[in-house]
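Accompanying notes for the structure given below.
The values are calculated or read from the model by the stated rules, or taken from the named source; none is laboratory data. Bear in mind the structure is a predicted one, so any value in this text is a computation, not a measurement. Every residue, glycine as well, gets a Cβ built from its backbone with ideal geometry; the counts of neighbours run over all protein chains shown.
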Amino acid sequence: MSGIGQRARLFPRLEARVYWAFAAIAPLPEPVETALGAWHAELARRGVQGFGAAIAARDRLRIALAGLLGGPSDAYALGHGTTAGLIAVAHSYDWRPGDRVLIGDSEFPANAVPWRQIAHERRLGLDVVALAGFAERPERGLDAVERLLRRGGVRLVALSAVGFQTGLALPLAELAALCHRYRADLAIDAIQAAGIVPLDLAALGVDIAVGGGHKWLCATDGVGWVYVAPRARERIGPSMAGWLSFEDAARFLSEPGCLHAARRHQPAPRVLEAGSSSSGALFALAAGLELISAARPEVSLAHVQALHDRVEPALVALGFSSERAPHASGRSGILALAPPPGVVLAPLQAALARRGVVVSIPDGRMRLAPHFASTADEADALLEAMPEALAEARA
C-alpha cells in the first residue's frame, strides 16, 4: 500500500492530533522503528558476526537512493547528514585561484556556512543572489542568477532545491542549464525536497546534491547522502579522505602483511565515505526510502497540496499572510505563513502544542509541513484549534 492518508496505520504511537512538522523532524513510522529494532537486536545477539548485514545494507541503500532520486547507484555516497555532506563537498572540490561561489540570500545555515568558510580559507570570491524573484516568476530569479554568472569566475552555484523558510521550489533543470552555459556546477541542498518533491537528479542536470534522512525521508538524524554526477566526479578529490576512502581498505583486518600496502582512493563520491557511521541510521533510512518510494513523491506532493488548499484560505481569513508560490512549479511540501499583526509565533506554537497541534516556526513563519500519511482530519483539527490558540497567544 502507498500509505497516502494512512497516518493511524503508519504512525500508531504518534501522540499529537496534528503533526505537520515533517520539514523539521519526522516522527518514526512503524516500519522504520521496526527496522531499527531488528538491527539493534542483531547487534546485541551476534556483535561483529552480524556486521556483514550492515555492509550489504549500504550497497542496497545506494541502489534505493538511485531508484528514488535518479542517476546511477555509484553516484551516491553515504554519510552523516546534510551538513557533513556539504562540508565534505566544499573541502573536496577542486578549487582554482580566482574561483567564485554563488549562494542564495536566504539559505539555511547548513548551506551557507560551508561555502562562506571555504571562500574565506581558499580566498575564493563569494556572490550572493536574492531569491525573491523566483517566487514571483522563475524567469526573474534566473535573470538574477545570470547577471552574477555573466561577471565571470563563478565555478559553483550552491542553492537549496526547496527553501526552508517559504517552501519555494527552484526550477532546477533551468538552473542547471544556465550554470552549465557559464561553465559552473550546480550543487543543491536537497533535504527539503527529497521524498516529497519528485526529483531525477540526472535528468535535471544537477551536478552535486546533498541530503539527510530525518525530514521527508522519514528516517533518523545522523544519516545522509551525497550525489555527484559522473561528469563532475573529477572535481571531487580526497581532501576529506579517511581510512575507508581507499579500495580494499579493510583487507588488513583479515589478512596479514597489508596494513600499509599502497591503495588507490575510491572514486568520487565514495571517497567521501571516510569512516564508520551509524549502521542503525542506515537501516532506518533504507526503511524510510521503501515507504517514500511506495508512496511516490509525485502522488505525495499532490496529496500535500490538497491539504494546503484545505487550510490556506481559512488561515488567511484569520489574518495570516501566505508565502506560497503563486505558480504550481514553485510549490513544495511546505506552506509558510507570516502571523497576523500582533501575534508572536513562539507563544502561538506553544498554544497549538497544548491542543495537540505540532508545527515549526523558522525565521518568523509558521511552517505547515504535512506528508504522505497526513489526513484531512488533521487539517480540520488544525483549523479548529487555531482561533483559541491565536486568542491565547495574543493574551
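When the stretch 250-301 is filtered for residues that are small (Gly, Ala, Ser), assigned to a helix (DSSP H, G or I) and under 25 Å from Pro230 (Cα atoms), the ones remaining, listed by number, are Ala286, Ser293.
Filter the stretch 41-61 down to the residues that are within 17 Å of Leu289 (Cα to Cα) and free of Cβ contacts under 8 Å to residues at least 60 places away in the same chain and list them by number.
The initial filter retains those residues of the stretch 41-61 that are within 17 Å of Leu289 (Cα to Cα), namely 54, 56-61.
Ala56, Asp59 - these are the residues of the stretch 41-61 that are within 17 Å of Leu289 (Cα to Cα) and free of Cβ contacts under 8 Å to residues at least 60 places away in the same chain.
Scanning the stretch 1-16 for residues that are buried (at least 16 other Cβ atoms within 10 Å of the Cβ) and at pLDDT 95 or above yields Gln6, Arg7, Leu10, Phe11, Leu14, Ala16.
When we screen Arg296, Arg331 for residues that are under 18 Å from the mean Cα position of the chain (by Cα) and on the phi > 0 side of the Ramachandran plot, the only hit is Arg296. Testing Gly364 on (1) under 21 Å from Arg17 (Cβ atoms); (2) touching a residue at least 24 places away in the same chain (Cβ under 8 Å), one condition comes back false. Which one is that? The one condition Gly364 does not meet is (1).
Checked against (1) at pLDDT below 95; (2) over 19 Å from the mean Cα position of the chain (by Cα), Pro269 meets all criteria but (2). Does the stretch 302-317 contain any residue that is in contact (Cβ under 8 Å) with a residue 12 or more places away in the chain, surrounded by 16 or more Cβ atoms within 10 Å (Cβ to Cβ) and among the small types (Gly, Ala, Ser)? For the stretch 302-317, residues in contact (Cβ under 8 Å) with a residue 12 or more places away in the chain, surrounded by 16 or more Cβ atoms within 10 Å (Cβ to Cβ) and among the small types (Gly, Ala, Ser): absent.
Of the listed requirements (1) at pLDDT below 95; (2) farther than 25 Å from Gly167 by Cα; (3) surrounded by 15 or more Cβ atoms within 10 Å (Cβ to Cβ), Ser92 misses just one: (1).
Step by step: first the residues of the stretch 308-367, then only those that are of a type in the set (Val, Ile, Thr) and assigned to a loop (DSSP other than H, G, I, E, B), then the one that is nearest to Glu388 (Cα to Cα). Which residue is that? Here the residue is Val343.
Restricting attention to helices (runs of 4 or more DSSP H) lying wholly within the stretch 1-92, give those where 3 or more residues are of a type outside the set (S, T, N, Q) and farther than 22 Å from Ser278 by Cβ. Lay out the reasoning, then the answer.
Working: elements: 7-10, 30-46, 52-69, 82-92.
Those helices (runs of 4 or more DSSP H) span 7-10.
Within the stretch 350-382, work out how many residues are hydrophobic (A, V, I, L, M, F, W, C), touching a Lys or Arg at 6+ places or on another chain (Cβ under 8 Å) and crowded, with 17+ Cβ neighbours inside 10 Å. Show your work before the answer.
Keep residues of the stretch 350-382 that are hydrophobic (A, V, I, L, M, F, W, C), which gives 350-353, 357-359, 361, 366, 368-369, 372-373, 376, 379, 381-382.
Adding the requirement that they be touching a Lys or Arg at 6+ places or on another chain (Cβ under 8 Å) leaves 357, 359, 361, 373, 376, 379, 381.
After this cut, where a residue has to be crowded, with 17+ Cβ neighbours inside 10 Å as well, the list is 357, 359, 361, 373, 379, 381.
Final tally of qualifying residues: 6.
For the stretch 174-190, a residue qualifies if it is not aromatic (Phe, Trp, Tyr) and not in a helix (DSSP H, G or I), and the qualifying residues are Arg183, Ala184, Asp185, Leu186, Ala187, Ile188, Asp189, Ala190.
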